[in-house]
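Q: Quick one: this structure, given as structure tokens, is what I'll be asking you about.
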Amino acid sequence: MTTEFVHLHNHSEYSMLDGACRIEDMVNWAVENGAPAVALTDHGNMFGAWELYSKATKAGVNPIVGCEVYVAPGSRHERGKGQGSPYHLTLLAEDATGYQNLLKLISLGYTEGFYSRPRIDMEILREYHAGIIALTGCIQGQVPQLLCSNRREEGIQNFKTLMEIMGKDNLYVEVQNHYIDKELEAYPVMVQLAKEFNLPLVATNDCHYLRKSDHEMHDVLLCIQTKKTVNEQNRLRFDNHFYFKSVDEMREALKDYPPEAISNTLAIANRCNLELNYGKNVMPEYEVPEGHTNDSYLRELCYQGLQEKYGTELSEPIRQRLDYELDTISKTDYSGYFLIVWDYVKYAHKQGYPLSARGSAASSLVLYALDVITFNPMDYDCLFERFLNLERISPPDIDIDFADRAREHVINYLRNKYGEDSVGKVATFATLGAKAAIKDVGRALEVPLEDVEKLTELIPSTPGITLDEVLEQIPEFQTLADRPENKELMDLSKSVEGMKRHVSCHASALVVSNGPLTNYVPLFKDKHDQVATQFEGKTVEDVGIVKFDSLGLRSLTETYDCLQMIKANHGQEIKLEEIPFDDEKTYSLLSKGLINGLFQLEASPGMYRVVTQLKPENFEQFSAIPALYRPGPLESGMMQQFIDRKNKLKPVEHIHTSVKDALKNTYGVCVYQEQVMQIARDMAGFTLGEADILRSAMGKKDVALLEAQRDKFIEGAGKNGIDKKEAKRIFDLIEPFARYAFNKSHTVAYSMLAYRMAYLKTHYPHEFMASMMTGEAADSSKITRYRTECKKLAEFLEIEINLIPPDVNSSRREFTVDGNDICFGLVAVKGVGDNAIDAIVDAREQGGSFRSLQDFCERVDTKQVNKRAVESLILSGAFDALEGHRAQHIDNLDNIMRVAQNAQAERDRGQMSLFGDGEEAPVATVTLTDAPEYDPLERLMREKEQLGFYVSGHPLEEYSDIIENYTSASTQTLVEHRIDSEVDVAGMITEVKNIITKKGDSMAVIGLEDLEGAIEVVIFPDAYKTAGELVEGRVVWLRGKVNVNQNNRNRRSENGDTEREERQIQANRVIDIEAVSGQQTSALEVTIPESDVENVEKLERLQEIARANKGDLDLILRLMSPRYGEVIARCAQKYSVAYEPQVVEQVEGLFGKNCVKPSNRTIRGNKSRTSHMDFV
């Protein structure tokens, strides 16, 4: 039954924490209630327009695309507090012309009229009104606002203007009733106005949520948006009438108004017949040379490119693969797309911008021929069908990473070539995830933070995990959620989960069209003034606009800087693509875990363990790491299986003889999606195109498609002599592998960059580390980490790498290399900006080295290098080589700068004078007055304030012997220890946060800094009682368990990558550092690395050393077992040993430097799970 009313004024979740309706639910409501149409009128945007159109059309409901626009009181160009708030106006697209005009209006609201909100004005409404039906708006509309403000004449004049622009047939007087006083005052006047000017009425309900029961959920969303709590009185709130009411409820609400207001909703719905013929490729035409088509020119370029690489006679396999790819590209009509990509990549190469393709595109020989990728995908079994498949046609997705400094230059090239208005970025929507939903709802409901965190800490970091999945998978979470006091929090969190929270520009997506983008999509402008489509990537492709992906990658910039430095310092021009992949020293460096600074490898402590356990010896093994180090392979045991088989700890086994060829390079483990495709081809006779469909079905868990594919697989396997039962068994085995498997072309492309960086780090360590430090200059924690890495790298390579403090006479903007020294870059000194650095370097290049602080201040432009900058340079040590010490420089700075500024002013006046004689007046020399030097600690603390870390020394250096002998880990080596393993650490307290628990007990969270970095330490009540006074500057030794710092878990870098997962220690003992050395040493602790746990020969040698050096100390073994994690075990009494130099030397000869530590650890009994004879 068709209803007699259609909702024409509705807000979806795309009204960003104001609307609480999901579009699919709105469409379903229309179907269930017999509504022939449903409208979408979000605030100032059309983010959800395409979703409404596609879902409503599919459901047989007429989609009415509209917008509740904001109208500036005057001109959209005018900004300022005197402008007043914009008014609301409801616009609906009647047809394709109206839709096109809405695209223009909404886009201009962002690009020209944005002031707190996107605003249009009467000028552009007049220009783009055709095909649009206007409703006068809610109570925030201009006409009702003016009429309610005793400005009747002004209101009527505005009404006449609107009527004149839209025409009487296209303007309706909107009436609503939410039982609000202002509405009851305004709308009767509006009815009179409609009667006076003979205009029709229309009833709407300004729907912000679907059902009346959703009112509380919507109220919480408003609180999240406005950062208020539900109990605050003075805040934005709605009553419970802003929902999708039935026709009877609408009649009841508007019973005092003419009934035509209800029936006119159907009249408008019948008028709105929007048909969009999108989906056709609207890519710009690439201008090919005369006589060529896109296909022929692409073919010519590809053959030329490969012949340059392999000679004029191409091998038959290469020729066949190239022809196959070109034919596929031609049949899908994407030759022009490849030419556009080739063109802007060629531009980037010409400019010297480093780049790297990734994703499935790296499987294309065509892209290798065009120099878009730097390796032949055939060498690595990368399948083209994974990228472009005639049996599963979808737009090609060529992802290219540029050096982050170069990306915008490439985008500008596209703008200049195809038109500013034809190029834009793409929207991406952040939603309320499981953890965020609980946190935000908890804040709105004023639930104690401690109770909220008890729930959120149990939610895994798995991307996209839902609360329902957490409830199913985590029993402890289910128990907490079921508590009566958590019911409201959980119910509301589940209702808002997944709602759109805000919109931004996608990090890499870019679109280019064959005319202004506003011919096809609405645009918006983000907070950084970047113009982007209001539709996200998949929707943009549905519309017919081809998407290009280009990400700015800092690692590429750092690599480029490194290559430039190598060229300058060594006269060698290294090309990344010519770096050999069989360099033993590089693999040795990787196996040692020296991965800081390497793309994709330094992101996680877990990655350190994977690399050091795997010990890659060739690129095939190395490139498997990104594919294996993901939640699926980790949780399923695939990764450990791969490592054990590679290291011959377990035999290689295959699920069937027919899969041997596909899995031969991965030890029988199905690591890559391409291997799933090869198995389907080899075992069941699939074409690679069909195999790609199977792979996609398995990855997406598409049940219906998967069942059809299962039957096809079993049937095909039967034709190859494999019985039905065996084929079913194999299918069931590879299905979960397919879900975990990774795109091989992507992992090869990313691993190439990581390996090439590792090669540069191995063979040009000074230049590599200097470029890393320049790239991360703003992150003092990374500089600290890289400084520690320099020490480890120097030890591994048996060379010197010295980090030299900043110096005004030698430091440049970036970190530079001078022999074995890395000279500190001025870019890393806080308070010294780019203009100041330019002024310093310019002055030095023009007049030579600075002779004194005064000479410096006289010669640099003090407008650019202000007092704050000079102070920062002094305290960082940049003037240490000149006369005077830091305290003197600071004490005399005011006087020196005054004299210098006067001298500069005199020079300026002399240059301006018509009668200047060209001679400079002598400048008085400032004699540095005496001042007491800073004591060493103060000097270092001030230095750290400016640099973020210590360079010229460290407050803990006097304790270095104790730290070396009585600790088992440092802040940087915690990554080598498993979660829950016990460590001894020493350092200085830098921050203290005292906490009172719910039970009234005291505990604390402290910042602890050692010689290598800093970590957070949690001191629970039991340890707190004996810890003594926790104050900043106290140097302590502590023992505790390693944990993940939840506050910094899975932070995202600017490139969108997951950054390094931080560790935390939960201390169970804290004492002064002096006290630990004063305690009696009771044991000698030997750390045995994972690689030697099963080495019986070395363990027997350790027995011999202990027997030959009998003493009173227990021998404690810290075993890093791949199977059980860290195991600490006390050896039998007969192996008690003496702490003598020869013991340390002999044991370190077995298990490596620093593996022996004196200890006061006491172990009662022995719970070790590892035993060698009677040794343990």
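Residue by residue, here is whether (1) out of contact with any His (no Cβ under 9 Å at 6 or more places or on another chain); (2) closer than 23 Å to VAL671 by Cβ; (3) surrounded by 22 or more Cβ atoms within 10 Å (Cβ to Cβ) holds:
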position	(1), (2), (3)
SER696	yes, yes, no
ALA704	yes, no, no
PHE742	yes, yes, no
SER745	yes, yes, yes
ALA749	yes, yes, yes
LYS761	yes, no, yes
SER771	yes, no, yes
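Q: Looking at region 457-484, I want the residues that are closer than 13 Å to ALA434 by Cα and have a partner that is in a loop (DSSP other than H, G, I, E, B) and among the hydroxyl-bearing types (Ser, Thr, Tyr) with Cβ atoms under 9 Å, at least 6 apart or on another chain. Which pairs are those?
A: Within 9 Å, the pairs are GLU469/THR462.
Q: Identify the single condition in (1) part of a helix (DSSP H, G or I); (2) small (Gly, Ala, Ser); (3) over 21 Å from VAL975 (Cα atoms) that GLY668 does not satisfy, given that it satisfies every other one.
A: Here GLY668 clears every test but (1).
Q: Being among the hydroxyl-bearing types (Ser, Thr, Tyr) and under 14 Å from ALA900 (Cβ atoms) is the filter; apply it to region 826-870 and report the residue that is surrounded by the most Cβ atoms within 10 Å (Cβ to Cβ).
A: So, considering only residues that are among the hydroxyl-bearing types (Ser, Thr, Tyr) and under 14 Å from ALA900 (Cβ atoms), the one surrounded by the most Cβ atoms within 10 Å (Cβ to Cβ) is THR862.
Q: Within region 630-654, take every residue that is surrounded by fewer than 21 Cβ atoms within 10 Å (Cβ to Cβ) and touching a Gly at 6+ places or on another chain (Cβ under 8 Å) and give me the one that is farthest from GLY721 (Cα to Cα).
A: LEU634
Q: So for region 312-322 (the condition being in contact with a strand residue (DSSP E or B) (Cβ under 6 Å, 6 or more places away or on another chain) and either surrounded by 14 or more Cβ atoms within 10 Å (Cβ to Cβ) or not in a helix (DSSP H, G or I) (or both)), does at least one residue qualify?
A: no
Q: Tell me whether region 344-366 contains one or more residues that are β-branched (Val, Ile, Thr) and outside any helix (DSSP H, G or I).
A: No, that holds for no residue.
Q: Now a separate question. In this structure, does GLY137 turn out to be in contact (Cβ under 8 Å) with a residue 60 or more places away in the chain, outside any helix (DSSP H, G or I) and touching an Asp or Glu at 6+ places or on another chain (Cβ under 9 Å)? I'd like the intermediate steps shown before the answer.
A: Details: in contact (Cβ under 8 Å) with a residue 60 or more places away in the chain: yes; outside any helix (DSSP H, G or I): yes; touching an Asp or Glu at 6+ places or on another chain (Cβ under 9 Å): yes.
For GLY137, the condition - in contact (Cβ under 8 Å) with a residue 60 or more places away in the chain, outside any helix (DSSP H, G or I) and touching an Asp or Glu at 6+ places or on another chain (Cβ under 9 Å) - is met.
Q: Is there a residue in region 378-393 that is among the charged types (D, E, K, R), without any contact (Cβ under 8 Å) to a residue 60 or more places away in the chain and under 30 Å from MET772 (Cα atoms)?
A: no
Q: Could you please let me know if VAL423 is touching a strand residue (DSSP E or B) at 6+ places or on another chain (Cβ under 6 Å) and of a type in the set (A, V, I, L, M, F, W, C)? Explain how you work it out, then say what you get.
A: Values: touching a strand residue (DSSP E or B) at 6+ places or on another chain (Cβ under 6 Å): yes; of a type in the set (A, V, I, L, M, F, W, C): yes.
For VAL423, the condition - touching a strand residue (DSSP E or B) at 6+ places or on another chain (Cβ under 6 Å) and of a type in the set (A, V, I, L, M, F, W, C) - is met.
Q: Check region 988-1001 and report whether any residue there is modelled with pLDDT of 90 or more, in a strand (DSSP E or B) and more than 36 Å from the chain's Cα centre (by Cα).
A: Scanning region 988-1001, I find no residue that is modelled with pLDDT of 90 or more, in a strand (DSSP E or B) and more than 36 Å from the chain's Cα centre (by Cα), so the answer is no.
Q: I would also like to ask the following. What number of residues within region 187-222 satisfy the criterion of being within 18 Å of LEU8 (Cα to Cα) and part of a loop (DSSP other than H, G, I, E, B)?
A: 8
Q: Could you tell me which residue of region 707-722 is farthest from GLU735 (Cα to Cα), considering only residues that are crowded, with 18+ Cβ neighbours inside 10 Å and of a type in the set (A, V, I, L, M)?
A: Applying the filter and picking the extreme gives ILE722.
Q: Additional query: I need the full set of residues from region 3-40 which are within 17 Å of GLN534 (Cβ to Cβ) and either without any contact (Cβ under 8 Å) to a residue 12 or more places away in the chain or not in a loop (DSSP other than H, G, I, E, B) (or both), in order please.
A: Across region 3-40, the qualifying residues are SER12, GLU13, TYR14, SER15, ILE23, LEU40.
Q: Restricted to region 953-984, and to residues that are assigned to a strand (DSSP E or B) and in contact with a helix residue (DSSP H, G or I) (Cβ under 8 Å, 6 or more places away or on another chain), which residue is farthest from ASN1160 (Cα to Cα)? Before the answer, list the steps.
A: The first filter runs over region 953-984 and keeps only residues assigned to a strand (DSSP E or B), leaving 982-984.
Filter once more, keeping what is in contact with a helix residue (DSSP H, G or I) (Cβ under 8 Å, 6 or more places away or on another chain): 983-984.
Working: VAL983: 13, ASP984: 11 Å.
The extreme case among them is VAL983.
Q: A follow-up question, please. Out of everything in region 1079-1126 that is at pLDDT below 80 and part of a strand (DSSP E or B), what residue ends up being nearest to GLN1142 (Cα to Cα)?
A: The extreme case among them is MET1120.
Q: A follow-up question, please. Where residues in region 404-419 are hydrophobic (A, V, I, L, M, F, W, C) and part of a helix (DSSP H, G or I), which of them is nearest to GLY775 (Cα to Cα)?
A: VAL410
Q: Of all residues being under 16 Å from SER508 (Cβ atoms), among the polar types (S, T, N, Q) and in contact with a strand residue (DSSP E or B) (Cβ under 8 Å, 6 or more places away or on another chain) in region 518-558, which is modelled with the lowest pLDDT? Just the residue, please.
A: For region 518-558, the residue satisfying everything is SER550.
The values are calculated or read from the model by the stated rules, or taken from the named source; none is laboratory data. Please read these numbers as outputs of a predicted model, since none were measured by experiment. Reconstructed Cβ throughout: ideal geometry from the backbone, glycine too, with neighbour counts over all protein chains shown.
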